[in-house]
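Each reported figure results from applying straightforward, stated rules to the coordinates on display, with no laboratory input. For clarity, every value in this text was computed on a predicted model and none was experimentally measured. Please note: Cβ atoms are built from the backbone with ideal geometry, for glycine as well, and neighbour counts cover all protein chains shown.
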């Protein structure tokens, strides 16, 4: 449903842009219906690509978040291991 809403929204924006263009030129709004269809098609196609870009970027962001979480866990494990090693040395009376 979001894809359809995105395409329709962009198409309606294309129609509004076409009406604005004809309004500035002071031409009849219903003179060339093919131009309206073309504008709606072009903007609708742009809406489709915007939706695809949104989906792809959401996947990339999710992957990057997972990578960051994994690296944070690894870093935390390393720090805890170093702390445990230092605490063991301190208990044994060894000093650096």
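This table checks each residue for (1) under 27 Å from the mean Cα position of the chain (by Cα); (2) in contact (Cβ under 8 Å) with a residue 12 or more places away in the chain; (3) surrounded by 10 or more Cβ atoms within 10 Å (Cβ to Cβ).
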residue	(1), (2), (3)
15	yes, yes, yes
50	yes, yes, yes
72	yes, no, yes
83	no, no, yes
89	no, no, yes
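Under the condition of being in contact with a helix residue (DSSP H, G or I) (Cβ under 9 Å, 6 or more places away or on another chain) and either exposed (fewer than 12 other Cβ atoms within 10 Å of the Cβ) or more than 25 Å from residue 15 (Cα to Cα) (or both), the residues counted in segment 52-70 number 1. Comparison of 40, 3 shows that the only residue that is assigned to a helix (DSSP H, G or I), under 14 Å from the mean Cα position of the chain (by Cα) and surrounded by 13 or more Cβ atoms within 10 Å (Cβ to Cβ) is 3.
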